[in-house]
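Here the structure comes first, spelled out in structure tokens, and everything after it is commentary.
What follows is calculated from the coordinates using simple rules that are stated; it is not laboratory data. Computed from a predicted model, the values in this text were never measured in an experiment. Because the Cβ atoms are built from the backbone with ideal geometry, glycine has one as well, and the counts that use them run over all protein chains shown.
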Amino acid sequence: MRVTHLSTYHLFGGAAVAAKRLHQALLNVGVDSTMLVGTSNRQEKHRPAEGVSYLANNILAEQTAFGRFVAERLYFLPFERDSSVRFQFSPAVFGTNLTFHPAVQQADVLHLHWINFGYLAMPDIQALADLGKPMVWTLHDQWAFTGGCHYSRGCDHFLTHCHNCPYLKKPGPHDLSYRVFEKKKTLFQNSRIHFTPPSHWLAQSGQNSALLKDAPFTVIPYAIDQSIFCPVDRKQATTYLELADTGKLRILFGSANVTDLRKGFAYFAEALTLLHRQHPELAPEILVFGKGRSYLFNELPYPIRHLGILTSADDIVAAYNAADVMVVPSLEDNLPNTVIESLACGTPVVAFQTGGIPEMIDHEQNGYLAAVGSAQELADGLAFVLTHANSTVIRQNARQSAEARFSEAVVAGKHIMLYQKLMSERVNE
């Protein structure tokens, strides 16, 4: 069985990381898996990996790929409401035809992941579907069934037909979201794609949408290598990160982009203020990793250590293991890699009860679920974990929940069963 995964990036962003981990999990169980990546960034140019090939594999191809990315952003520029939504909406008008690429031609199954930012446009997806091969699409956000946004942020127009889009400067009955929605309607009417969202929340959202209400869905969570993401000695992790061994409790926050409003750092900052006021006996240290620095860093009531962008697994594992609790105050999210990674390292998670997160955290067992937008409940959750009478038990629960839900063998096995089923259906037609 030959499976080709299509992803804009290899390691940049949560969706790319999840795609890469599935690719590796399949390789580990003997599947002939290839990952065809649209482009690279500075972080991943010099990090070759087994079975991963770049569509942009020379300077000219890289410039062409970057040109498609720029063209896509310039196309959207006149429509965007403001700069805060610039990368939150993808019209998918620029892409490349992959039908003649050897990795596509030789594949028994095509598996799409996050394919925006100039990698695949709607006609390119249609061309792949027209090859007649079984096609699987892992939904890493809501883009496939909206008029262009990656997360609807409370807008429910995708349930009927996108229009009057809150992401647009001039929303209207036949705005850009309406036109993109119409193109997707044509695409899905003429394609046979099996969708594999990693969370039941995203599956339900897709199944309720006007575009995918009749499409087949199978929920399969993300995989993680739990021999890498595992508990290690706290002192060892502290030394690795060059942190002072003060014996203080530590709270960890991590995001690809710390300043992304959807990731909720402002709620975390408010929760820390409440924690400081209501539990003066606690004096935790705050660890933060990810791109950017929030303007709120200087207003936190506790000392903060910004670890920057962590690119290696060793760095990331050390950060989780140096912390007593991970906080994920996302206002909207699918199945965050940060939660999976933290649990696998035995670090409990405090998070808002949104998206697929309640499917990962067992309240007061391996973490704490707070009402969305409630800084007070977030503070209560932090206090619960930091003052827990038996921290060893809650850390063991975290690890065991990750082993049961996100192991490579379990997740790879579910995908293989689906691939075989789809291949058999095509043969028997």
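Computed over the stretch 285-429, the percent of Cα pairs more than 24 Å apart is 39. With a/c under 1.5 counting as rounded, go ahead and sort the chain into rounded, prolate or oblate using the C-alpha gyration tensor (a ≥ b ≥ c being the square roots of the eigenvalues; past the cut-off, prolate if a/b is larger than b/c, else oblate). Prolate shape, in that a/c is at least 1.5 and a/b is the bigger ratio.
Taking 14 Å as the straight-line reach from the Cα of Lys421, the aspartates and glutamates in range (excluding those fewer than 8 positions away in the same chain) are Asp108, Glu429.
Comparing Pro348, Pro166, Pro102 in a Gaussian network model of the chain, where Cα atoms under 10 Å apart are tied by springs, the biggest mean-square fluctuation is seen for Pro102.
Taking Asn321, Asn164, Asn366 in turn, the Gaussian network model of the chain (Cα-Cα springs below 10 Å) assigns the largest fluctuation to Asn164. Counting only residues at least eight positions apart within a chain, or on another chain, the lysines with an alpha carbon under 24 Å from that of Lys184 are Lys133, Lys169, Lys170, Lys213.
Within the same chain, aspartates and glutamates fewer than 8 places from Lys185 are excluded, and of the rest, those with a Cα less than 14 Å from its Cα are Asp214.
Helical runs (DSSP H, four residues minimum) scored at -39500 (n - 2.57) apiece and divided by the length of the chain put the mean residue ellipticity at 222 nm at -11000 deg cm²/dmol. Sites listed here are trypsin sites (Lys or Arg not before Pro) in the stretch 1-110 whose DSSP assignment is loop and whose Cβ has at most 15 other Cβ atoms within 10 Å: Arg42, Lys45, Arg86.
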